[in-house]
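Scroll down for the structure; my scribbles are underneath it.
The values are calculated or read from the model by the stated rules, or taken from the named source; none is laboratory data. Please read these numbers as outputs of a predicted model, since none were measured by experiment. No Cβ is skipped: glycine too gets one built from the backbone with ideal geometry, and neighbour counts run over all protein chains shown. With ligands, DNA and RNA removed, areas are computed over all heavy atoms of the protein, side chains included. Shrake-Rupley method; radii C 1.70, N 1.55, O 1.52, S 1.80 Å.
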Amino acid sequence: MATAVRTDVVHPERLPVDATGHRSLGWWGIVLLISTEAALFAYLLFSYFYLGSVSTTTWPPDGPPDLKLVLPNTAVLLASSGTMWWAERGLREGRLGRLRLGLLLTLVLGAVFLAVQGVEYSQLPFGPQSGAYGSLFYTITGFHGAHVFVGLVVIAVLLVRALLGHFTRERHLAVTNASWYWHFVDVVWLFVLTSLYLTPRFT
């Protein structure tokens with residue numbers, strides 16, 4: 001009598017090791033992380049606008065920050081969201097090479113963003129100890145830069161794991177969660193850009 005062979009015995013890597021999607025702890029973890037971090041930035045931006053509304057001097061004291069570096073730098077960060085999305089979509093289609101290239105491009109673009117932000121800091125006419133405005137400007141942009149740095153560390157780890165073949169089209173929760181985090185960081189930057197760089201030009 002012929003004996004049926006179970007595919008999950010022949011291929012143990014296909015066995016489910018954890019829940020995916022809305023059922024997984026990782027999914028709920030990244031949702032809670034994004035919620036708490038969004039609240040943090042909301043508090044910081046509220047503080048910025050509150051202090052600006054009660055300031056008895058010009059706000060910002062030296063006029064709106066220059067846009068010559070921040071606008072192209074914003075384009076770089078938004079492009080990194082595109083490469084991250086491209087990488088994740090590639091993995092969902094089983095294209096590991098596209099995942100690796102997309103992660104590498106995202107890593108490079110994120111690093112460029114931080115480098116340009118450092119150049120911008122060196123050219124600003126105020127520092128974090130120049131007053132309430134300077135303190136808040138550096139706190140808000142610095143916190144955002146720290147989030148970008150954390151995201152780059154995560155993406156670097158994902159890239160190494162991708163090179164080692166740890167992900168498949170069925171098992172990629174870590175990539176999905178990192179993608180959510182990276183898109184969140186980019187969306188937060190749009191609020192920071194609008195609040196600190198653009199709004200002062202219309203008030």
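Descriptive notes on the structure:
- Selection within segment 49-78 - in contact with a Phe, Trp or Tyr (Cβ under 7 Å, 6 or more places away or on another chain) and among the small types (Gly, Ala, Ser): GLY52
- For segment 112-134, filtered to residues that are open to solvent by less than 50 Å² (accessible area, probe 1.4 Å) and out of contact with any Gly (no Cβ under 7 Å at 6 or more places or on another chain), the residue that is nearest to THR74 (Cα to Cα) is PHE113.
- Scanning segment 137-158 for residues that are small (Gly, Ala, Ser), out of contact with any Ser or Thr (no Cβ under 9 Å at 6 or more places or on another chain) and surrounded by 14 or more Cβ atoms within 10 Å (Cβ to Cβ) turns up GLY145, ALA156.
- In the set LEU105, LEU67, only one residue is open to solvent by 50 Å² or more (accessible area, probe 1.4 Å), touching a helix residue (DSSP H, G or I) at 6+ places or on another chain (Cβ under 7 Å) and at pLDDT 95 or above; that residue is LEU105.
- Condition check for GLN129 on (1) within 21 Å of TYR43 (Cα to Cα); (2) of a type outside the set (Val, Ile, Thr); (3) at pLDDT below 95; (4) in a helix (DSSP H, G or I): one failure, at (4).
- Out of ALA174, ALA111, one residue alone is within 15 Å of the chain's Cα centre (by Cα) and modelled with pLDDT of 95 or more. It is ALA111.
- Unmet requirement for THR58, which otherwise passes all of (1) part of a helix (DSSP H, G or I); (2) loosely packed, with under 15 Cβ neighbours inside 10 Å: (1)
- Qualifying position, being touching a residue at least 24 places away in the same chain (Cβ under 8 Å), of a type in the set (Gly, Ala, Ser), assigned to a helix (DSSP H, G or I) and in contact with a Lys or Arg (Cβ under 6 Å, 6 or more places away or on another chain), among ALA174, ALA162, ALA111, ALA156: ALA162
- Residue in segment 185-203 that is of a type in the set (Phe, Trp, Tyr), modelled with pLDDT under 95 and outside any loop (DSSP other than H, G, I, E, B) present: yes
- Sole residue being of a type outside the set (S, T, N, Q), without any contact (Cβ under 8 Å) to a residue 60 or more places away in the chain and out of contact with any Phe, Trp or Tyr (no Cβ under 9 Å at 6 or more places or on another chain), chosen from PHE167, PHE202, PHE184: PHE202
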